[in-house]
1. So which pairs qualify, if the first residue must be in the stretch 35-57 and over 21 Å from residue 201 (Cβ atoms), the second must be assigned to a loop (DSSP other than H, G, I, E, B) and hydroxyl-bearing (Ser, Thr, Tyr), the Cβ gap must be under 9 Å, and the two must be at least 6 apart or on different chains?
2. Mind telling me which of the residues 7, 30 ends up being in a helix (DSSP H, G or I) and at pLDDT 95 or above?
3. I'd like to check something: does the stretch 56-79 contain any residue that is among the β-branched types (Val, Ile, Thr), outside any loop (DSSP other than H, G, I, E, B), touching a strand residue (DSSP E or B) at 6+ places or on another chain (Cβ under 8 Å) and modelled with pLDDT of 95 or more?
4. Of the numbered conditions (1) out of contact with any helix residue (DSSP H, G or I) (no Cβ under 7 Å at 6 or more places or on another chain); (2) surrounded by fewer than 21 Cβ atoms within 10 Å (Cβ to Cβ), residue 180 fails exactly one; give the number of that condition.
5. Among residues belonging to the stretch 13-34 that are more than 18 Å from residue 118 (Cβ to Cβ) and in contact (Cβ under 8 Å) with a residue 40 or more places away in the chain, point out the one that is surrounded by the fewest Cβ atoms within 10 Å (Cβ to Cβ).
6. I'd like to check something: does the stretch 184-194 contain any residue that is acidic (Asp, Glu) and exposed (fewer than 13 other Cβ atoms within 10 Å of the Cβ)?
7. Is there a residue in the stretch 98-110 that is touching a residue at least 40 places away in the same chain (Cβ under 8 Å) and acidic (Asp, Glu)?
Amino acid sequence: MKNNVLELINKKLGINLNEKAISRFETYMEMLIEWNKKINLTAIVNPDEIEIKHFYDSLLAYVYLNPQESLKLIDIGTGAGFPGIPIKIANPSLELTLLDSLNKRLLFLKELLQNLELDAEILHLRAEEGARQENLRENFDIAISRAVAPLNILSEYCLGYVRVNGCFIAMKGPSAFAEIETANNAIELMGGYIEEVKELELPDESKRIIIKIKKIKKTPEVYPRHGAKISKKPL
């Protein structure tokens with residue numbers, strides 16, 4: 001990673017990446033670019049943009065983690081591993097689960113983790129299916145997802161994974177404020193409330209909105225619904 005990006009990560013985000021972490025990010029970038037020639041992992045292939053729009057962007061959520069705590073985090077709809085793997089690189093003690101519905105992405109993640117010498121559980125599931133499984137339901141301190149769906153739909157997909165007193169972190173673009181207005185009902189039905197909304201800026205001046213949703217009661221057993229119902233009749 002370039003020194004200016006490292007300096008920004010340290011200064012703006014308060015994360016001091018050691019030499020091992022920097023080496024892992026470099027390996028991550030190399031593998032992402034190489035695999036992307038075979039399967040569609042990302043539209044962002046320029047190394048400078050990868051550092052900013054994938055790595056730096058993913059680390060915006062790091063503020064919600066206490067590196068001294070042993071936290072269980074699930075990254076829902078992880079794709080090419082964002083934001084979960086950059087967060088894991090910065091905090092290797094994190095107990096990470098990566099969930100995605102597309103198996104070819106997971107094949108990339110398995111090889112990536114081997115090369116990075118990091119461990120994580122990898123799940124080939126649709127988000128609504130996993131949240132109904134006893135071993136996953138309300139089993140995580142933090143669920144996180146980056147720009148996967150509108151917030152009302154995303155909340156039904158994700159809050160079922162979060163234990164009471166845990167939180168769901170939604171990483172969104174500028175449209176988030178409009179989404180918040182229509183998502184409060186879904187969030188409340190799923191057992192949560194919006195605790196904090198942060199508007200942040202990437203080094204390229206693009207805007208990011210981080211929404212922290214606190215889980216204060218158990219999610220009713222009827223949720224999440226089947227994926228088709230979630231899409232056709234959002235809460």
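The values are calculated or read from the model by the stated rules, or taken from the named source; none is laboratory data. Everything numeric here is computed off the predicted structure, so don't read it as measured data. All Cβ positions, glycine included, derive from the backbone under ideal geometry; neighbour counts span all protein chains shown.
1. Correct list of pairs: 36/42.
2. 30
3. So far as the stretch 56-79 goes, yes, one or more of its residues are among the β-branched types (Val, Ile, Thr), outside any loop (DSSP other than H, G, I, E, B), touching a strand residue (DSSP E or B) at 6+ places or on another chain (Cβ under 8 Å) and modelled with pLDDT of 95 or more.
4. (1)
5. Ranking the qualifying residues of the stretch 13-34, first place goes to 14.
6. There is no residue in the stretch 184-194 that is acidic (Asp, Glu) and exposed (fewer than 13 other Cβ atoms within 10 Å of the Cβ).
7. no
Here's the yes/no breakdown for (1) aliphatic (A, V, I, L, M); (2) without any contact (Cβ under 8 Å) to a residue 12 or more places away in the chain; (3) touching a strand residue (DSSP E or B) at 6+ places or on another chain (Cβ under 9 Å); (4) more than 25 Å from residue 94 (Cα to Cα):
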site	(1), (2), (3), (4)
135	no, yes, no, no
153	yes, no, no, yes
168	no, no, yes, no
175	no, yes, yes, yes
195	no, no, yes, no
